[in-house]
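The values are calculated or read from the model by the stated rules, or taken from the named source; none is laboratory data. Everything numeric in this text was worked out from a predicted model, so none of it was measured. Methodologically, a virtual Cβ is constructed for each residue, glycine included, from the backbone with ideal geometry; neighbour enumeration extends over all protein chains shown.
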Amino acid sequence: MKYTLLAIASCTCLLLTSCFKDEPLNAECDIERVSLHVDNAEDFFFQLTDSVRDVLSTDTVITFNVRSHADLTALAPVLTITPGATVVPASGSVQNFADGPVTYVVTSEDGNWSRRYRIAFNHVSTTVSDTLYYDMEDFMLESSHESYYVWYNVLADGTISNDWASGNGGYKLSKSSAEPDEYPTYPIEGMDGYGVRLITRDTGAFGRMANKPIAAGNLYIGEFDITVALRTPLMATRFGKPFAQKPVSFMGYYRYQAGSVYKDRDGNVVDLTDVGSIYAVLYRNHDAQGNEVMLHGDDVQTNENIVAIAKVTDVHNTSEWTAWNVTFDYSEDIDTELLANMGYNLTIVFSSSVMGDQFEGAIGSTLDIDCVRLVCTHEE
């Protein structure tokens, strides 16, 4: 009897061992979060919450904004990576960021996949040019599959920061076979150099099944979180980046042509003419309790933390490049101390269909944008 029980136990052990051996190794190789501990964090960062960055699945450049005098020569970022993966340089190891970004290579547990990230620290000064220029000249194909275009901005030290976002990543879920210029947002020959074209597209059978029959072309300052795009699409758009000046006016050039047939979300033809959307928003990025605030598709023009909006109210059909110039309408005075400490976020938003966030509009509606300017008060 004793030997029989021993044999059964041995067989069970072998079976369990076999199960464990057959379990596949993880093929993911992502950085999920980066955090940094420094002494006197309030003198290094503008906000204490700036010391932690949650990394989106589409991010390859991770940039921290820090005060102009912050010492970057010996920093030790702590990385949260996918289970089983390894990273070089090691998480928590001291690196010199004073000469520019440091490249981290994450390798999956199974050893078959790797991904390169660049972590950078951007010295921010509150004294900058009165006028900020957004000429839509800086773009590239998305790094993972080169299937759609992304826009970026070049920092003072020549490094790249991904301040601009679009819904192109979400469109890929429904039309993965599309060529780069078949996406809702792509570059064109502009008024001066390159411009950007935003066009409302049909999302096909997959989009109709998901009750998302159209995808409006859009481009905005912020982030697009593809991981929630299907489940909660309005939360996928994260509007705004920290801003240290007081914007006064917002200007640029556009062309617009509305699509011929306007449809609601259910696909019904509606007697409406599509219009484009152009606006900018300044808002407090923490609430009264100190909690971080981020605007999304459901409150980008209505959130209680908004302090100013500049909106073009008449984006009409025009085949010629047409100038706009609107001033910011402030609902409260700017807190100069909060502004100096990067306590406000700014977003600029363009869309080919004003109701595109509700998946309503006219397929083919086209908004072209170029030579965007943001005029701010000069801070000495």
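Quick rundown of the values:
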quantity: Sole exception among (1) surrounded by fewer than 18 Cβ atoms within 10 Å (Cβ to Cβ); (2) part of a strand (DSSP E or B) for Leu230, by number; calculated: (2)
quantity: Subset of the stretch 233-252 that is part of a strand (DSSP E or B) and under 19 Å from the mean Cα position of the chain (by Cα) - its residue that is surrounded by the fewest Cβ atoms within 10 Å (Cβ to Cβ); calculated: Pro242
quantity: Subset tally (residues that are more than 23 Å from Asn65 (Cα to Cα) and either outside the structural domain of Gly170 (by TED's automatic domain parsing) or assigned to a loop (DSSP other than H, G, I, E, B) (or both)) for the stretch 197-227; calculated: 8
quantity: Which listed residue is in the same structural domain as Thr227 (by TED's automatic domain parsing), assigned to a strand (DSSP E or B) and touching a residue at least 40 places away in the same chain (Cβ under 8 Å), from Leu132, Leu79; calculated: Leu132
quantity: Elements of type strands (runs of 3 or more DSSP E) contained in the stretch 258-352, each with 3 or more residues being more than 23 Å from Leu219 (Cβ to Cβ); calculated: none
quantity: Selection within the stretch 61-80 - among the β-branched types (Val, Ile, Thr) and surrounded by 18 or more Cβ atoms within 10 Å (Cβ to Cβ); calculated: Ile62, Thr63, Val66
quantity: Single condition Asp370 does not satisfy, out of (1) in a strand (DSSP E or B); (2) charged (D, E, K, R); (3) touching a Ser or Thr at 6+ places or on another chain (Cβ under 9 Å); calculated: (3)
quantity: Criterion: more than 30 Å from Thr227 (Cα to Cα) and either free of Cβ contacts under 8 Å to residues at least 24 places away in the same chain or not assigned by TED's automatic domain parsing to the domain that holds Leu155 (or both) - qualifying residue of Ala120, Ala90, Ala74; calculated: Ala74
quantity: Failed item in (1) at pLDDT 95 or above; (2) in contact with an Asp or Glu (Cβ under 7 Å, 6 or more places away or on another chain); (3) more than 29 Å from Phe45 (Cα to Cα), with Val307 passing the rest; calculated: (3)
quantity: Criterion: among the hydroxyl-bearing types (Ser, Thr, Tyr), at pLDDT 95 or above and surrounded by fewer than 20 Cβ atoms within 10 Å (Cβ to Cβ) - qualifying residue of Thr347, Thr336, Thr318; calculated: Thr318
quantity: Search result, residues across the stretch 138-196 that are in a loop (DSSP other than H, G, I, E, B), acidic (Asp, Glu) and modelled with pLDDT of 85 or more; calculated: Asp138, Glu142, Asp163, Glu179, Asp192
quantity: Search result, residues across the stretch 36-65 that are part of a helix (DSSP H, G or I) and either closer than 15 Å to Pro242 by Cβ or in contact (Cβ under 8 Å) with a residue 24 or more places away in the chain (or both); calculated: Asp43, Phe44, Leu48, Thr49, Asp50, Ser51
quantity: Residue that is surrounded by 14 or more Cβ atoms within 10 Å (Cβ to Cβ), within 23 Å of Asp368 (Cα to Cα) and touching a helix residue (DSSP H, G or I) at 6+ places or on another chain (Cβ under 6 Å), where the choices are Gly259, Gly297, Gly276; calculated: Gly297
